[in-house]
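The values are calculated or read from the model by the stated rules, or taken from the named source; none is laboratory data. All values reported here derive from a predicted model rather than from experimental measurement. Using ideal geometry, Cβ is built from the backbone for each residue, glycine included, and neighbour counts are taken over all protein chains shown. Just so you know, the surface numbers come from the protein's heavy atoms only, side chains and all, with ligands and any DNA or RNA stripped out. Shrake-Rupley method; radii C 1.70, N 1.55, O 1.52, S 1.80 Å.
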Amino acid sequence: MASIESIHEKIGEIREQGFCILRSHFPTAQVEACRQAFWPRLLTYLNRGHASNRGPLRHFLAMPFEPPIFIPQFFFDDDILRIVRGLMDDRIVADQWGCDVPLRGSEHQGVHVDYHHPLFPEAPELTLPMYFLVVSFGLVRIAQEHGPIEIAPGTHRMKRTDALRAIETGEIGMRAIPLEIGDVLIRHPWALHRGTPNTTDMPRALATIRYVRHWYADASRDVEDLPRATWDSLTAEQQGMMCFPQSGR
């Protein structure tokens with residue numbers, strides 16, 4: 001992707017439709033190593049019978065900061081950061097690292113936005129510059145049968161009531177976003193979207209990093225502590241971008 005034209009094109013897509021996709025962006029080997037290391041944790045979590053926390057048979061888990069589940073390439077990819085900074089500013093930080101996992105038997109979610117609380121509660125419909133973005137990639141291939149996310153293009157720029165009405169009337173359609181291993185989805189959390197049913201026996205694991213402007217704080221999702229060894233392995237610039245609680249170990 002390295003060209004300036006490609007970066008500007010993706011920035012334009014997010015501004016216009018609320019998301020963009022970088023095809024075959026992460027090396028397959030890195031994603032597969034992440035999946036192989038994370039899978040036993042995921043299965044242990046599911047086998048313990050934890051209650052669904054994102055709808056029927058749909059789970060959200062905080063991801064650990066241990067390689068190869070966490071590697072700097074996922075968080076500090078040059079092209080992704082150029083896009084994210086181009087839409088916000090150079091002082092962005094990462095503050096969430098998690099995984100959404102619908103299972104067989106999951107259902108369509110209701111159409112919704114992430115992070116419901118507006119920055120200014122007294123003016124909830126105020127149009128603001130972007131101050132957070134979500135970057136996601138599948139730990140498995142996500143075809144239609146696995147329950148891909150569906151997004152309503154352009155609804156991040158609309159009043160919520162108008163956007164919902166446009167979806168109900170069919171003026172704006174929901175667009176499914178299947179992902180191959182290595183594909184990266186960058187989206188605005190206020191673009192209306194929903195999860196779809198996973199009809200397979202494979203948990204549909206979608207890893208997600210959230211980037212925000214440095215002044216924004218929102219503890220809406222659980223995160224794991226950042227171990228000291230992982231912190232020490234990062235450069236000073238990378239440390240400055242990691243807004244996570246740290247553990248002493």
Computed over the chain: relative contact order in percent, which uses C-alpha pairs under 8 Å that are six or more apart: 31 percent
Positive minus negative residues near ASP201 (Lys, Arg vs Asp, Glu; Cβ under 11 Å): +1
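Provide the net charge surrounding TYR131, with neighbours chosen by a C-beta distance below 12 Å and charges set as Lys +1, Arg +1, Asp -1, Glu -1.
Working: positive: ARG91, ARG210, ARG213; negative: ASP89, ASP95, ASP218.
Taking every Cβ under 12 Å from that of TYR131, the sum is 0.
Assign unit charges at the C-beta atoms only (+1 for Lys and Arg, -1 for Asp and Glu), then state the dipole size of the chain relative to its Cα centre in Debye, rounded to the nearest 20.
Details: 26 positive and 31 negative charges, 93 e Å.
Using only the charged Cβ atoms, the result is roughly 440 debye.
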Formal net charge of residues neighbouring GLY55 (Cβ-Cβ distance under 10 Å; K, R +1; D, E -1): +2
Leading residue at positive end of dipole, the chain (Cβ point charges), from GLY49, GLY195, THR127: GLY49
Simple spin-label estimate for HIS214 and GLU171 in nanometres, 7 Å along Cα-Cβ: 4.1 nm
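Does the stretch 116-217 classify as rounded, prolate or oblate by the C-alpha gyration tensor (a ≥ b ≥ c root eigenvalues; a/c under 1.5 gives rounded; else a/b over b/c gives prolate, otherwise oblate)? Could the numbers behind the result be given before it?
Working: a/c = 2.67, a/b = 1.40, b/c = 1.91.
Oblate, because a/c is 1.5 or more while a/b does not exceed b/c.
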Rounded, prolate or oblate (a/c below 1.5 giving rounded, otherwise prolate when a/b exceeds b/c) for the stretch 1-63 by Cα gyration tensor: oblate
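So for TRP231, TRP97, what's the accessible-area order with a 1.4 Å probe, most first?
TRP231, TRP97
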Selected from MET241, PRO153, LEU226, residue furthest toward positive end of dipole (the stretch 108-249; charges at beta carbon): PRO153
Fraction of beta bridges assigned by DSSP in the chain that are antiparallel (%, nearest 5): 90 percent
Shape category assigned to the chain from the gyration tensor of Cα positions, a/c cut at 1.5: rounded
Accessible surface, the chain, averaged per residue in Å² (probe 1.4 Å): 47 Å²
Accessible-area composition of the stretch 14-158, carbon plus sulfur, in percent [1.4 Å probe]: 52 percent
3J(HN,Hα) from dihedral phi, the stretch 182-195, Karplus parametrisation 6.51/-1.76/1.60, rounded to Hz, x for glycine, proline: x, 6, 10, 9, 10, 9, 7, x, 8, 6, 4, 7, 7, x
